[in-house]
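Okay, so here's the structure we're looking at.
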Amino acid sequence: MNVVVLRETQPGEARTALMPESVKKLIDLKCAVQVEHDAGLPAARTDDDYRQAGAEVSSDREALLAAADLLAVVNRPTAEDFARLKNGAVVVGFLRPLDEPTALLPAVDRGITTFSVELIPRITRAQAMDALSSMATVAGYKAVLIGAAHIPRMFPLLMTAAGTVPPARVLVLGAGVAGLQAIATARRLGAVVEGYDVRAAAGEQMKSLGATFLEVDLGGIKTEDAGGYAVELSDEAMNRGRALIAEHAKTVDVLITTAQVPGRRAPLLVTEEAVNGMKRGSIVVDLAGSTGGNCALSQPDVAVERNGVTIVAPTNLAATVPVHASQLYSRNVTAFLSLLVKNGELQIDMNDDVVGPSCVTHQGQVVNQRVAALLSKS
Ligand code: NAD
């Protein structure tokens with residue numbers, strides 16, 4: 001079975017789907033691995049690194065696509081690339097099936113089987129495949145560095161002969177994987193950190209990392225579903241959260257927002273009024289920009305300035321740390337592929353509790369119910 005990795009073509013993308021260390025693992029699974037020339041270069045891996053790991057390197061992208069039994073990608077292939085794959089080929093990657101379902105129709109037409117890493121269930125057995133968590137970890141870390149590099153002051157408390165330098169103040173909204181990593185990183189740099197989330201369990205996790213948990217009285221309403229994700233809140237509950245955030249935003253140097261509700265627009269937590277109340281030189285780093293943003297002034301991938309406050313909403317922060325982001329992603333993908341490959345042959349078991357739920361298209365059909373429902377509405 002032929003596993004293929006191409007150079008990622010999306011602007012700003014520097015990750016690669018398989019690092020050389022993972023190539024070795026696939027060869028152990030009796031796969032052949034073919035890599036497009038310079039596919040790993042943005043992640044500091046050369047063609048020679050891949051060759052030494054046992055892969056074949058080629059510059060003929062079209063031939064690689066035509067020969068692929070399985071294409072491992074970071075970002076969804078273009079319609080043209082889907083058309084070049086053979087019928088029955090498998091694609092694994094971030095395919096955005098719930099955000100852009102129609103973009104997978106070319107895969108249906110070609111009879112391609114697609115697995116979307118976003119749909120891999122967050123069950124214990126699939127933890128090593130959890131690419132969302134891997135990328136959120138990188139993004140949470142990098143968000144703090146962006147904040148630290150931007151503000152006109154230092155992060156740690158310093159006692160010097162010239163007097164005391166007070167620590168920076170950081171507020172983190174949303175304590176999922178990205179938010180908790182942001183808290184841990186900001187604490188390591190010496191900031192005083194506050195955090196806010198609607199889930200009570202998140203409060204305990206924030207406190208254990210050394211942040212102060214901002215609690216708001218939501219009247220005992222349900223804020224979490226059975227899977228541990230936040231649910232959409234009423235306007236009244238949202239307004240209480242916004243008022244608390246606006247109050248605390250006045251004193252912070254860096255405000256990092258990571259709040260998401262699966263399948264919905266990101267909750268609006270930082271109003272224009274809250275930004276107007278922030279200090280000059282402070283920054284909002286909004287990690288929810290790709291789902292609408294947590295800040296009213298956020299624009300995806302554009303820096304906005306308001307009364308000396310900067311608002312940024314980078315949509316692909318993981319790509320700005322390409323070595324570690326690729327390493328983690330590559331391990332996630334390889335762990336997932338080990339479920340699809342038996343003795344060097346593709347064996348897709350739709351009854352498997354990780355394989356079945358993460359499949360979007362198979363044998364000319366959209367097999368994921370949520371994606372099918374979205375497509376029937378479009
Ligand atoms: P996410 O990206 O869906 O959301 C980020 C955070 O935003 C969440 O903590 C959520 O509670 C919070 N949020 C949503 N609406 C909010 C609002 N109005 N105000 C404030 N905060 C709001 O989160 P995630 O990183 O995907 O993690 C979600 C859950 O999944 C967590 O419980 C996490 O521990 C869990 N998880 C489990 C596994 C696993 O078991 N393998 C892996 C990763 C995450």
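Quick check: at a probe of 1.4 Å, how many percent of the accessible area of region 81-212 sits on carbon and sulfur atoms? Before the final figure, lay out each step's value.
Values: 3100 of 5410 Å².
Accessible surface attributable to carbon and sulfur in region 81-212 totals 57 percent.
Could you go through region 155-171 in sequence order and give the Karplus-derived ³J(HN,Hα) for each residue, using 6.51 cos²θ - 1.76 cosθ + 1.60 with θ = phi - 60°, rounded to whole Hz, and x for Gly and Pro?
After applying 6.51 cos²θ - 1.76 cosθ + 1.60, I find 7, x, 6, 10, 9, 10, 4, 8, x, 8, 9, x, x, 5, 10, 10, 10 Hz.
Please give the solvent-accessible surface of His324 in Å², to the nearest 10, using a probe radius of 1.4 Å with every protein chain present.
110 Å²
Give the share of C-alpha pairs in each 10 angstrom bin for region 232-291, from 0 to the last occupied bin, in whole percents, shortest bins first.
Distribution as computed: 22, 53, 24, 2 percent.
Could you work out what % of the accessible surface of region 279-320 is carbon and sulfur, using a 1.4 angstrom probe and leaving DNA, RNA and ligands out of the count? Before the final figure, lay out each step's value.
On the way: 770 of 1560 Å².
Within region 279-320, the accessible surface is 49 percent carbon and sulfur.
For Asn307 and Leu157, what is the calculated FRET efficiency with R₀ set at 35 Å and r taken between the beta-carbons, to the nearest 0.05? Walk me through the numbers before you get to the answer.
On the way: r = 27 Å, r/R0 = 0.78.
Calculated value: 0.80.
Per residue, what accessible area does the chain have, given a 1.4 Å probe and all protein chains present, in Å²?
Numbers: 16590 Å² over 378 residues.
With all protein chains present, the chain gives 44 Å² per residue.
List every DSSP H helix in the chain whose Cα atoms extend 24 Å or more along the helix's own long axis and whose mean Kyte-Doolittle hydropathy is at least 1.0. Could you put the intermediate results ahead of the total?
On the way: long enough: 131-150 (28 Å, 1.09); 322-340 (26 Å, 0.49).
Qualifying helices, which must be both long enough and hydrophobic enough, are 131-150.
Given the -39500 (n - 2.57) contribution per DSSP H run of 4+ residues, what per-residue ellipticity at 222 nm results for the chain, rounded to the nearest 500 deg cm²/dmol?
Numbers: 13 runs with 127 residues, N = 378.
Value at 222 nm, helices only, nearest 500: -10000 deg cm²/dmol.
For a bin width of 10 Å, list the pair-distance distribution of the chain built from all Cα-Cα distances, rounded to whole %.
Distribution as computed: 5, 22, 29, 23, 15, 5, 1, 0 percent.
Of the cross-linked pairs Lys142/Lys207; Lys142/Lys250; Lys142/Lys342, which ones have a Cα-Cα span greater than 26 Å in the structure shown? Mind dumping the intermediate values first?
Numbers: Lys142/Lys207 21 Å; Lys142/Lys250 23 Å; Lys142/Lys342 38 Å.
Those over the limit are Lys142/Lys342.
Report the extension gain between Asp28 and Tyr229 in nm, rounded to one decimal, defined as 0.36 nm multiplied by the number of residues separating them, less their alpha carbon distance.
On the way: separation 201, 0.36 × 201 = 72.36 nm, distance 3.69 nm.
Going from the current span to full extension adds 68.7 nm.
Lys86's amide H: which non-local residues (gap 5+, or another chain) put their own amide H closer than 5 Å, with H modeled 1.01 Å from N in plane and none for Pro or chain starts?
For Lys86, the qualifying residues are Ala68.
Taking 2.2 N^0.38 Å as the expected size of a compact globular protein, what ratio does the Cα radius of gyration of region 21-87 give against it, to two decimals? It would help to have the intermediate numbers written out before the result.
Working: Rg = 12.1 Å, N = 67, 2.2 N^0.38 = 10.9 Å.
Against the compact-globule rule of thumb, the ratio is 1.11.
Just the number, please: percent antiparallel of the DSSP beta bridges in the chain, rounded to the nearest 5. Working shown, then result.
Working: 14 of 52 bridges.
Close to 25 percent.
If you average 1/r over all unlike Cα pairs in region 103-156 and invert the result, what Kirkwood radius do you get in angstrom?
On the way: mean 1/r = 0.0689 Å⁻¹.
Evaluated on region 103-156, it is 14.5 Å.
Based on the Kirkwood radius over alpha-carbon pairs, what is the Stokes-Einstein translational diffusion coefficient of region 231-378 at 4 °C with 1.567 mPa s viscosity, in µm²/s? Working shown, then result.
Values: Rh = 18.5 Å.
Value of D from the Cα-based Kirkwood radius: 70 µm²/s.
Roughly speaking, what is the stretch gain from Ala373 to His37, that is 0.36 nm per residue apart minus the C-alpha to C-alpha distance, in nm to one decimal?
Working: separation 336, 0.36 × 336 = 120.96 nm, distance 3.91 nm.
Difference between extended and current length: 117.1 nm.
The values are calculated or read from the model by the stated rules, or taken from the named source; none is laboratory data. This one's a predicted model, so the numbers in the text were calculated from it and none came from an experiment. Reconstructed Cβ throughout: ideal geometry from the backbone, glycine too, with neighbour counts over all protein chains shown. Remember, those area values only see protein heavy atoms, side chains included, never the ligands or the DNA or RNA. Shrake-Rupley method; radii C 1.70, N 1.55, O 1.52, S 1.80 Å.
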